[in-house]
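A short worksheet on the structure shown next.
Each reported figure results from applying straightforward, stated rules to the coordinates on display, with no laboratory input. This one's a predicted model, so the numbers in the text were calculated from it and none came from an experiment. When we count neighbours, we look across all protein chains shown, and the Cβ atoms used for this are built from the backbone with ideal geometry, even at glycine.
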Amino acid sequence: MATTADAASTLPTLSGAAAATSSSTHVAPSAVKRAFDDAIATLGTVPISSNKRTKRATIETKSPLEKLLSCAKYFVCAVDPYMDIALVLFHGSQAHWAAPTIVCPSSTTIVSSEHLAEQKRHIDAFDRMFSISPESVELLREFYKVPVQWTRIVAKLRAAAKNARQTDTSGLKHKLGYLLSDPSKCLVPPIPETTSKSDRGINHPMLRDAIVPWRLRNKINARVVAEEHDEETPNSPAPPEASLTPEATEALKALMNGKLTNGKPALIASRYPSCFYADGSYDPKDPEKGLFRSPFLLRVVRHIWTTPSSAMDGADKLRGNARAHGQFKVIGRMIGYGCVQGRTMLCTSDWADKDGAYNYEKLFNSVVELFESDTTDPWVTETLQWGVFGKATKSGGSSDSDDDDDDDNDSDSVSGSILERRAARRSTASSASSRCTLLLAQHVLSIFFAISGSFLSHDFPKCFPLSAPMSSSFMPLFNFTNTVFLRFILLFSFVLSG
C-alpha cells in the first residue's frame with residue numbers, strides 16, 4: 001500500500017477524466033455551483049481545526065466546505081485510520097465520475113484480483129466517508145472537474161484527517177487513569193506527564209499486565225502458594241509475599257525481551273490485550289465473553305466521541321465528534337479505532353502502523369471483521385449497544401481464570417477462534433432446523449406407507465367408505481404414483497439431511 005508521504009506523487013493524473021466530466025452534459029445545480037465558488041474563495045482561510053472551546057456546529061448547520069472537512073475527520077475515526085485518504089478520493093472519484101475507458105481488444109494488460117480487491121476497498125471507504133453528508137459528494141464533484149482545485153481540496157482533506165487523528169492521539173496520551181477500575185487510585189509506580197513514553201508498555205508492571213493477552217498475563221503472574229500464617233501464635237512473623245513460580249520468572253524474562261519462552265514474538269495483533277476484556281470476564285473457552293466491554297476501552301471511545309469530560313461517567317447529551325459528525329450510534333469501526341488508540345496510549349511508541357512485531361493495522365482490521373462479518377450475530381448487536389453513548393455497567397475484580405492451553409502457540413488467533421465459533425453456531429442452528437423438517441418428512445412418509453398398505457391389503461374401506469376393494473385396473477397407476485411419491489420424499493429427506 002502506498003504510504004501517506006508518497007501517495008500524492010504516485011496518484012495518476014485526473015486531468016483527462018476531469019476534462020471529460022466537465023465537457024459532459026451534466027449541469028451542476030446552481031446551489032452546488034455557488035457552494036463551490038464560496039469554497040474556492042475560503043479554501044485557504046478555513047482552518048482544519050480550532051483550539052477555541054466553542055460549541056461545535058452540527059453536521060447540518062455547517063457550511064458546505066466545513067461538511068467536506070468533517071467527512072475527512074470522520075474518515076479516520078469511523079472508516080479506516082490506516083488507509084491513505086488521497087488514494088480513497090482518487091479511486092472513489094474515478095469509479096463514480098470518470099469517463100468510461102475504451103479497452104483495446106488486443107491489449108494484453110491483465111489486472112490482478114488483488115488489485116481489483118484493493119480498488120474496491122478504497123471505493124467502499126469513499127462511500128462510507130460521505131455517508132454522514134451525502135450532499136457533499138456533489139460539491140466534491142465540482143472540485144473534481146477542475147484539476148488544480150482538485151489537488152487543493154485533496155491536500156486540505158488529507159490535512160484535516162491527519163489533524164483529527166493527531167488530536168485524538170495527543171489528547172489520550174496522558175489519560176492513563178482510564179485504565180484503573182477505581183479512578184480515585186493512581187498507577188503504581190506513577191508515570192509523570194512528559195513527552196517520553198519510555199516508562200510505558202512492558203516496562204511498567206500495571207501497563208504490562210494491560211497490554212498482554214490474558215493467558216500470558218496469568219502465566220507471568222503465577223506465584224508460589226504461600227504458607228498459612230499462624231495467627232494464634234503471638235508475635236509470629238508475617239509470611240513474605242509469595243514469589244513468582246520458576247515458570248513465571250522465565251516467561252517474564254522472555255517477555256521483557258519481547259519474546260515468548262519459545263523465542264516467538266510475545267505481542268501480536270491476533271491476541272487481544274487483556275485490557276480489552278471486561279474485568280473478571282475472560283473465559284478461554286468463550287473468547288467472545290466480555291470482549292470490548294472493558295471500562296478502559298469504554299472510556300477511550302467516549303473520550304473520542306463524546307468529549308474527554310464524559311469519558312468516566314458518560315454524557316447526558318451527545319457532544320463532541322458524535323454531534324459534529326451526526327454519528328449517534330456505535331459501529332464496529334469506531335470500536336476498532338478506539339482499540340488502536342488505546343493500545344498506543346499504553347505503549348512506548350507513538351502512533352504508527354507497527355510497533356515491532358505488533359501490527360496495528362491488522363488489529364484494526366480484525367476488530368472490524370468481528371463486527372462486520374455477521375451483523376446479525378447476537379454478540380455484535382449486544383456489544384454495539386453497550387454503554388458508549390450512555391451509562392456503563394460497572395464490573396469489578398480481576399480475572400483469575402486458569403488456562404492450561406499453551407500460550408506459546410503462535411498460531412492462536414482470538415478473532416479467528418471467534419469466527420469459527422460463530423460458524424459452528426450457524427451450522428448447528430441450520431442442522432437443527434433441517435432435522436425438524438426431516439422428522440416432519442419422515443412422519444408424512446410413514447402416514448403414506450400406512451395408507452398405501454391399507455390399499456394393498458384391502459383394508460382401506462375401513463377408513464374410507466368405498467364400495468369394493470381397489471380394482472386391478474387401477475393397480476398399475478397406483479404403483480406408479482406410489483413409486484414417484486416415495487422417491488420424491490426420499491430425495492427431499494436426503495437433501496435436508498445435508
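Here are the numbers for this structure:
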| item | result |
| --- | --- |
| Lysines with Cα under 22 Å of K219, excluding same-chain neighbours fewer than 8 positions away | K253, K259, K264, K285, K289 |
| Alpha-carbon Debye profile of the stretch 317-358, log10 I(q)/I(0) at 0.24 Å⁻¹ | -0.84 |
| Neighbourhood net charge (9 Å Cβ-Cβ; Lys/Arg +1, Asp/Glu -1) for L69 | +3 |
| Trypsin sites (Lys or Arg not before Pro) lying in DSSP loop within the stretch 304-379, provided at most 13 other Cβ fall within 10 Å | K317, K329 |
| Potential extension, R34-W386 segment - 0.36 nm per residue separation minus Cα distance | 122.4 nm |
| Net charge contributed by nearby residues that have their C-beta within less than 15 Å of G332 (K/R +1, D/E -1) | -3 |
| Order of W214, W97 under a 10 Å beta carbon neighbour criterion, fewest first | W97, W214 |
| 5 angstrom amide H check on L244, placed H, neighbours 5+ away | V224 |
| Environment charge at S113 (Cβ cut-off 13 Å; Lys +1, Arg +1, Asp -1, Glu -1) | 0 |
| Burial ordering of E247, E369, fewest other beta-carbon atoms within 10 Å first | E247, E369 |
| Difference of contour (0.36 nm per residue) and Cα-Cα distance, C186 to T58 | 42.4 nm |
| Least to most buried among E420, E60, E118 (fewest other Cβ within 10 Å first) | E60, E420, E118 |
| Of K197/K354; K173/K317; K62/K173; K162/K354; K120/K145; K62/K156, those spanning more than 21 Å from alpha-carbon to alpha-carbon | K173/K317; K62/K173; K120/K145 |
| Amide hydrogen neighbours beyond the local backbone of K259, cut-off 5 Å, H modeled | A266 |
| Pairwise FRET efficiency - S243 versus T167, Cβ, R0 = 45 Å, nearest 0.05 | 0.50 |
